[in-house]
Amino acid sequence: MPTELLIRRFHELANLEAPAENDPDALIGFFQMFRPDGRALEGLFDSLDCGRELHRRLDDLYAIAGDDRRPQGGRDAYFIVRRGPLIGAERVGELGTAWLTGMKELAAEVGDEQLVDVLSPLPSIRVLEGIPPKNPKVEHEKSAFLVAMQTAAPAMCEKIANADPHAEMLRPAYYFNTCDPMVRDYLMWPLYAGVTSVKDPFSAYFELWRHRVKYRIFNDKSIDMYIPRQVS
């Protein structure tokens, strides 16, 4: 399907007038309009070879975080996991290793030497429990590892040659679902999967996200992963 026809379909579903020109920013907030279950989106991507897998991943997003009602009243602007399932430290370590390994493989394939360097060897993983501190904000206090994960990692999929032509148009809408580029790239991965040898590099991160695990980086040799405090 030509990109302009798919974009027109997006606007028809949302009862919005399509813009005169294809504007990726015009789709920001689109997926939020179909909460809590996203059922009205059924068939949106059926014309794409990877449409079934795109829908499956969106179904997971809605099932995990589709309810936008806040406990104290009001509604969330983004998809937020409020009650993730329990997860053990060993499993977090396994998923963290799988995620970083996938990042390194994809970085090597797209020629991102900055990421390959900071992930060689893979940083160690420390699993903690509780509310994570903030990552460093001041540039000179940031490690090379943190800088690469904040700048190079979110741009890797854009470097994949011959990706589905719809991907560029859909990136803003997918990003503003959670404002997390790793979740965005997991949800959009079917648009890239057919032209890369790397197998689903963001799936482990999505599992961490759905369990509300957050990562923090304070040096080049390790990464801290925080599990929400578990109440017995």
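The values are calculated or read from the model by the stated rules, or taken from the named source; none is laboratory data. All values derive from a computational prediction rather than experimental measurement. When we count neighbours, we look across all protein chains shown, and the Cβ atoms used for this are built from the backbone with ideal geometry, even at glycine. Accessible surface is based on the protein model in full, side chains and every heavy atom, while ligands, DNA and RNA are left aside. Shrake-Rupley method; radii C 1.70, N 1.55, O 1.52, S 1.80 Å.
Compare the Cα positions of Thr97, Cys157, Phe176 along the charge dipole of the stretch 65-181 (+1 at Cβ of Lys, Arg; -1 at Cβ of Asp, Glu; about the Cα centre) and return the one farthest towards the positive end.
Positive-most Cα among the choices belongs to Phe176.
Can you find, among Val127, Phe45, Leu5, the residue farthest towards the positive end of the dipole of the chain? Put +1 on the C-beta of Lys and Arg, -1 on that of Asp and Glu.
Val127
In debye, nearest 20: dipole of the chain around its Cα centre with unit charges on the Cβ of K, R (+) and D, E (-)?
Here the size comes out at about 1120 debye.
Mind checking the stretch 52-132 for chymotrypsin sites (Phe, Trp or Tyr not before Pro) that DSSP puts in a loop (not H, G, I, E or B) and that have at most 15 other Cβ atoms within 10 Å?
In loop regions of the stretch 52-132 (DSSP not H, G, I, E or B), the sparsely surrounded chymotrypsin sites (Phe, Trp or Tyr not before Pro) are Tyr78.
In square angstrom, what is the accessible area per residue of the stretch 25-172 with a 1.4 angstrom probe?
Solvent-accessible surface per residue comes out at 55 Å².
Not counting the cut sites, what is the longest span of the chain without trypsin sites (Lys or Arg not before Pro) that DSSP labels loop and that have at most 15 other Cβ atoms within 10 Å?
The longest uninterrupted stretch comes out as 1-81.
Which value, in Å² and to the nearest 10, is the accessible area of Cys50 when all protein chains are kept and the probe is 1.4 Å?
20
Go ahead and estimate [θ] at 222 nm for the chain from helices alone: -39,500 (n - 2.57) per DSSP H run with n ≥ 4, summed, over the residue count, rounded to 500.
-12000 deg cm²/dmol
Residue by residue through the stretch 61-78, what is 3J(HN,Hα) from phi via Karplus (6.51 cos²θ - 1.76 cosθ + 1.60, θ = phi - 60°)? Round to whole Hz and write x for glycine and proline.
Result, ordered by residue: 4, 5, 5, 7, 9, x, 6, 9, 7, 7, x, 8, x, x, 9, 6, 7, 10 Hz.
For the pair Asp180 and Ser124, what calculated FRET efficiency results from E = 1/(1 + (r/R0)^6), where r is the Cβ-Cβ distance and R0 = 22 Å, to the nearest 0.05?
0.45
State the Cα centre-to-centre distance between the stretch 120-170 and the stretch 180-203 in whole Å.
For the stretch 120-170 versus the stretch 180-203, the Cα centre distance is 14 Å.
For the chain, what does the alpha-carbon gyration tensor say about shape, rounded, prolate or oblate, given a ≥ b ≥ c as the root eigenvalues, a/c under 1.5 as rounded, and a/b over b/c as prolate?
oblate
For the stretch 106-111, just list the computed ³J(HN,Hα) in residue order, Karplus coefficients 6.51, -1.76 and 1.60, θ = phi - 60°, integers in Hz, with x standing in for Gly and Pro.
For the stretch 106-111, the Karplus-derived couplings read 5, 4, 5, 5, 8, x Hz, x marking Gly and Pro.
What is the set of long-range amide H partners of Ser222 at a cut-off below 5 Å, with H atoms built 1.01 Å from backbone N?
Ser124
Around Ile227, which amide H atoms from residues at least 5 apart in sequence, or from another chain, sit under 5 Å from its own amide H, with H modelled in the peptide plane?
Leu128, Glu129, Gly130
Share of the chain's accessible area from carbon and sulfur, percent, 1.4 Å?
Within the chain, the accessible surface is 48 percent carbon and sulfur.
Could you tally up the Lys pairs in the chain with alpha carbons closer than 17 Å? Skip any pair fewer than 8 positions apart unless they're on separate chains.
8
With each pseudo-label sitting 7 Å past Cα toward Cβ, what's the Thr101-Glu42 distance in nm, one decimal?
Modelled inter-label distance: 3.8 nm.
Can you give me the long-range amide H partners of Tyr78? Hydrogens built in the peptide plane at 1.01 Å from N, cutoff under 5 Å, separation of 5 or more residues or another chain.
Those qualifying (amide H under 5 Å, at least 5 residues apart or on another chain) number zero.
Relative to the longest principal axis of the C-alpha atoms of the chain, give the angle of the C-alpha long axis of helix 167-178, reported between 0 and 90° and rounded to the nearest 10°.
Tilt relative to the chain: about 60 degrees.
Which ³J(HN,Hα) values in Hz, rounded to whole numbers, follow from the phi angles of the stretch 204-220 under the Karplus curve 6.51 cos²θ - 1.76 cosθ + 1.60, where θ = phi - 60° and Gly and Pro get x?
Working through the residues one at a time gives 5, 5, 4, 5, 4, 4, 5, 8, 6, 7, 10, 10, 9, 10, 10, 7, 8 Hz.
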